[in-house]
Amino acid sequence: MKQEPIRPTDDEARALARRLLSGMRHAVLGTIDPETGIPLVTRIAVQTDDNGAPVALLSGLAAHTRALLADTRAGLLVLDDEAVKGDAMTHARLSILARAEQIETTPALRDGWLAHDPKAKVYIDLPDFRFWRLVPESGLLNGGFGRAFRLTPDDMLKTPTA
């Protein structure tokens, strides 16, 4: 009899996913290259909005931005920045399937971003930079060896979507 590796999602898994999201400053973004259809992965700066959804500041010159303009489907890999020692395969990580949407740059969004990433002041106001929200559709949380969970957007976000 084959054992199902996915555990029932519980409050501990939800709390871990939300902690990973709220603490992230960088993540790995996966997009679909519009010319080849081959996945493209890049490391990006990312924070969360008031609801806990990932928000990225992306250059319009970047290949991943051109990919998102052609196809809004995206993947985001969030790693546990607190885990720096030991076997990396035992550290928590969250994979999110998302839809990307450009969002308006408001003074509050800009100021909030700079409060967490002051070095972004060098490029945040350049004309090719835009904010993108990565709206979660589902997620896979690996909370460490033998601790895998399927997540809904409500499991990951601070405020349920319903």
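The values are calculated or read from the model by the stated rules, or taken from the named source; none is laboratory data. What you see is a predicted model; the values in this text were computed from it and never measured. Here the Cβ positions follow ideal geometry from the backbone for every residue, glycine too, while neighbour counts run over all protein chains shown. We work out accessible area using only protein heavy atoms, side chains counted, and drop any ligands, DNA or RNA first. Shrake-Rupley method; radii C 1.70, N 1.55, O 1.52, S 1.80 Å.
The table that follows gives values for the structure above.
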quantity	calculated
Segment 110-139: number of residues that are surrounded by 15 or more Cβ atoms within 10 Å (Cβ to Cβ) and free of Cβ contacts under 8 Å to residues at least 60 places away in the same chain	1
Selected residue (only one of Asp71, Asp50 is out of contact with any Leu (no Cβ under 6 Å at 6 or more places or on another chain), modelled with pLDDT under 95 and acidic (Asp, Glu))	Asp50
Pairs where the first residue, in segment 38-61, is hydrophobic (A, V, I, L, M, F, W, C) and the second is open to solvent by less than 50 Å² (accessible area, probe 1.4 Å) and part of a loop (DSSP other than H, G, I, E, B), C-beta under 8 Å, 6+ apart	Leu40/Asp33; Ala45/Asp117; Val46/Met24; Ala53/Leu157; Val55/Asp49; Leu57/Ile124; Leu61/Asp128
Count - residues of segment 82-119 that are modelled with pLDDT of 95 or more and in a loop (DSSP other than H, G, I, E, B)	4
Test: Gly30 is without any contact (Cβ under 8 Å) to a residue 24 or more places away in the chain and either outside any strand (DSSP E or B) or open to solvent by 10 Å² or more (accessible area, probe 1.4 Å) (or both)	no
Residue satisfying all of: in segment 34-84; open to solvent by 40 Å² or more (accessible area, probe 1.4 Å) and of a type in the set (Ser, Thr, Tyr); farthest from Leu21 (Cα to Cα) among these	Thr36
Residue match in segment 37-46 (condition: more than 26 Å from His116 (Cα to Cα) and in a loop (DSSP other than H, G, I, E, B))	yes
Criterion: among the aliphatic types (A, V, I, L, M) and farther than 17 Å from Leu97 by Cα - qualifying residue of Ala15, Ala27	Ala15
Flag for Arg18 being surrounded by 15 or more Cβ atoms within 10 Å (Cβ to Cβ), touching a residue at least 40 places away in the same chain (Cβ under 8 Å) and out of contact with any strand residue (DSSP E or B) (no Cβ under 6 Å at 6 or more places or on another chain)	yes
